[in-house]
Amino acid sequence: MSEFHTLLNDFFSLKDKSLKSEIEKKIWNKYGAYGYVLLIDMSEFSLVTQRYGIVYYLSMIEKMKTVVRPVIESNSGTLVKYVADNVYAIFNSASDAIASAIEINKTLDEINKSTPAEWDICISTGIDYGGFLKTEDGDLFGDAVNCASKLGEDIAQKSEIIISKKAFEQIEHHGDYQAEFVHFKISGISLEAYTIKPEIT
């Protein structure tokens, strides 16, 4: 068992609030970070899988992976993990996260031009900013992770990039982007965000 999971078990078992607080601080000191979380979700999982089968869809996921890693890394990001057809990455800059999402969409668009329509790979993207825990075994936890996941998986449509208002406000030059303010309510949570158009002015 990793130290992270040991600390969590200790935290759960303790009754003393001050000792719990000490463990929580230790966890954040060792595993905590601030930055931009990017979540990519491939579109139409259920439809494609029902129509063509899981092996078909898994092969599309593998192709998607060959695209996203070099783009994320070339934009100073860190690819943290793949979960099914989702990609989790972190960045120190909102502009780098947005640039990655735009470039990945453009690259996939080019690939889709050379393949039959049924092989088109399309993604939706969510981006948020805040504190998160990054463990030694490559996992992410925190509000920024949850928000990016909601934006990318539950709200963004095919080829859409949605960045939380909190993350967008960290950008020094907002005018560099064509952005439209949007407001959502999902699972009882109110989310303010911006959709980013693919063209950078």
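The numbers here are math on the coordinates, done by the rules we state, and not lab data. Everything numeric here is computed off the predicted structure, so don't read it as measured data. Please note: Cβ atoms are built from the backbone with ideal geometry, for glycine as well, and neighbour counts cover all protein chains shown.
Ignoring aspartates and glutamates fewer than eight residues from Lys158 along the same chain, the ones with Cα atoms less than 18 angstrom from its Cα are Asp41, Glu44, Asp85, Glu103, Asp109, Glu110, Glu118, Asp120, Glu180, Glu199.
Once the Cα-Cα distance is subtracted from the 0.36 nm per residue extended length, the His183 to Ile61 segment shows a gain of 40.9 nm.
With a Förster radius of 41 Å applied to the C-beta separation of Ser21 and Ala117, the computed FRET efficiency comes to 0.15. Hey, if you put +1 on the Cβ of every Lys and Arg and -1 on every Asp and Glu Cβ in the chain, which of Ile123, Phe91, His5 ends up farthest toward the positive end of that dipole? The Cα lying farthest towards the positive end belongs to His5.
When only alpha carbons are used to place a centre, the stretch 27-80 and the stretch 156-170 end up 16 Å from one another. In this rough spin-label picture, where each label sits 7 Å from Cα along the Cβ direction, the Glu3-Tyr82 distance is 3.0 nm.
If you place +1 on the Cβ of every Lys and Arg, -1 on the Cβ of every Asp and Glu, and leave all else neutral, what size is the dipole of the stretch 1-141 about its Cα centre, to the nearest 20 Debye?
Details: 14 positive and 20 negative charges, 58 e Å.
Dipole size: approximately 280 debye.
Helix 94-113 and the longest principal axis of the Cα set of the chain meet at an angle near 40°. The average projected area of the stretch 117-175, computed from the convex hull of its Cα atoms over all directions, is 6.0 nm². Remark on the chain: Rg and Dmax equal 18.3, 62 Å (Cα only).
May I ask which of Lys63/Lys185; Lys17/Lys134; Lys65/Lys165 have a Cα-Cα span longer than 30 Å here? Walk me through the numbers on the way to the answer.
On the way: Lys63/Lys185 33 Å; Lys17/Lys134 24 Å; Lys65/Lys165 28 Å.
Beyond 30 Å: Lys63/Lys185.
Summary: within the chain, the longest segment free of trypsin sites (Lys or Arg not before Pro) located in DSSP loops with at most 16 other C-beta atoms within 10 Å is 16-157. Across all directions, the average projected area of the convex hull around the alpha carbons of the stretch 47-139 is 6.7 nm².
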